[in-house]
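Everything below concerns the one structure shown next.
The values are calculated or read from the model by the stated rules, or taken from the named source; none is laboratory data. Remember, it's a predicted structure, so these values are computed and weren't measured experimentally. Cβ atoms come from the backbone with ideal geometry, glycine included; neighbour counts cover every protein chain shown.
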């Protein structure tokens, strides 16, 4: 995915033949890009191209972790809640997401300042600009789609949005006003144009007054333009005028602007004429104009050039904002998916808009469900990280159609480096009744433990997997180890097998044989004799262990209480010796 406002990076794969027209590649199972090359012999090399590089940036960890909590909270909101209360909650959720973006942007800015390496500083600075663009786009979508205010309040919110996000104009104003002759400063008319486009008419009039003082011949034009700007109808909070009254008032003022423009009142001043054109371009529903307000190109070039129709290729940010003002939600999400450097933004914004019931008509573009498609992509990226994968689980949980399938596939790819990590994965699978994955994890961990000769851990995992064959194998290893060393290892585990010993005959024998030793050690010889006799007659002992059992019987026969047992139980001697 390319970064915002930058050329898409070109990755050269060593050995790739550009002359071939059928160079194919695909994402492999471990988020690896598989590509055919010319190398036929020599040392093998694997070039790893990460799918979501941002996932691995330490400074973006806050963005992923904190937004995860907001996402989960949004999914759990009560469906039966009143519409008004739900809308208020969605607005608050949107603000919470933006707060996380701003906090992360501040952290990234501080990291850029502290970075001593120029490449690292550049990387952080690029991320600051991307996060700034994210917050800008999200704020606009919040105003237009989540809040969805009526026309009057909407205009005020949009003007606030413009003033909040274009900060360079204030620096430009200070530079202009600090000069000896402000009206002759190269940025003077740029600043006036921006103030007009932002709806900051009082500040624009204040600057224009300096032009009138410096150039008395323009005084008449200045007064007319100043009067037009002063009389411009602007909705305000608490305004009691109806929408119809406001629109009628606006129409009269708009006709007056057009009349002065057509009469050539400002013909001798191209700058003032341009401002009047801007005023004429305002409409009562000024969405297209507000887009022009926003354009960052105004910081670098005069707005007069823009309105004179010079052709230029729009920046990705401009394209996204224009699509938002045209209420093309699908286009906004599509452009953001291409321009932004990760899936975080589109996944969370789309989920929020889906909760606002705004995406029902756009689902066909992404197969079944646009929200789910983007959440699946984002969560898949999280699963490629050694710790963020745990966040991805909850995103898959809230994808009703394919989330379960994706989770099962990704769970199987998690490297089980430690027993602690395996237990985490196992709990996730058990909570979701993913029985095949539970068995698979337990078998893998049992095999690892067995290879490291940790018999107790291996037996514990095999019991958890309910794998009778593997439990039999490990039980045999325990018995072999006993024959070689003369004692059992992992006594706590064997002593507390409980009902688990019924998993296999050999495991039953192991548990009961250990119980025989415990009874013998406690000098409960008659009970030990009965148990040993049962083990001899049950035919569950391995053939290699029969001689050991007979050897165990010899010291028992020397005990008085066992001899009494043999004497009074006519079947006991026969059973002992026939076994």
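Laid out as a table, the results:
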item: Breaking point among (1) assigned to a helix (DSSP H, G or I); (2) at pLDDT 90 or above; (3) under 20 Å from residue 329 (Cβ atoms), for residue 365; result: (2)
item: Search result, residues across the range 416-432 that are out of contact with any helix residue (DSSP H, G or I) (no Cβ under 7 Å at 6 or more places or on another chain) and without any contact (Cβ under 8 Å) to a residue 24 or more places away in the chain; result: 417, 418, 420, 421, 423, 427, 431
item: Qualifying residue in the range 53-68 (condition: modelled with pLDDT of 85 or more, within 19 Å of residue 147 (Cα to Cα) and surrounded by 14 or more Cβ atoms within 10 Å (Cβ to Cβ)); result: no
item: Any chance residue 339 is over 19 Å from residue 66 (Cα atoms), crowded, with 23+ Cβ neighbours inside 10 Å and touching a helix residue (DSSP H, G or I) at 6+ places or on another chain (Cβ under 9 Å); result: yes
item: Which listed residue is at pLDDT 65 or above and over 26 Å from residue 137 (Cβ atoms), from 308, 243, 261, 317; result: 261
item: One residue from 371, 404, 432, 427 being surrounded by 21 or more Cβ atoms within 10 Å (Cβ to Cβ) and at pLDDT 90 or above; result: 371
item: Verdict on residue 203 being modelled with pLDDT of 85 or more and closer than 30 Å to residue 325 by Cα; result: yes
item: Qualifying residue in the range 205-214 (condition: assigned by TED's automatic domain parsing to the domain that holds residue 261, within 30 Å of residue 356 (Cα to Cα) and exposed (fewer than 15 other Cβ atoms within 10 Å of the Cβ)); result: no
item: Residue in the range 129-150 that is at pLDDT below 85, at positive phi and not in a helix (DSSP H, G or I) present; result: yes
item: Wholly enclosed helices (runs of 4 or more DSSP H) of the range 163-217 bearing at least 3 residues under 15 Å from residue 276 (Cα atoms) and in contact with a helix residue (DSSP H, G or I) (Cβ under 6 Å, 6 or more places away or on another chain); result: 188-197, 201-214
item: Those residues of the range 331-352 which are within 16 Å of residue 395 (Cβ to Cβ) and either in a helix (DSSP H, G or I) or at pLDDT 90 or above (or both), in sequence order; result: 343, 344, 345, 346, 347, 348, 349, 350, 351, 352
item: Enumeration of residues in the range 518-530 that are surrounded by 18 or more Cβ atoms within 10 Å (Cβ to Cβ) and more than 19 Å from residue 486 (Cα to Cα); result: 525, 529
item: Candidates 547, 536 - the one that is surrounded by fewer than 15 Cβ atoms within 10 Å (Cβ to Cβ), over 60 Å from the mean Cα position of the chain (by Cα), closer than 21 Å to residue 486 by Cβ and at pLDDT 70 or above; result: 547
item: Test for residue 449: is it under 36 Å from the mean Cα position of the chain (by Cα) and in a helix (DSSP H, G or I); result: yes
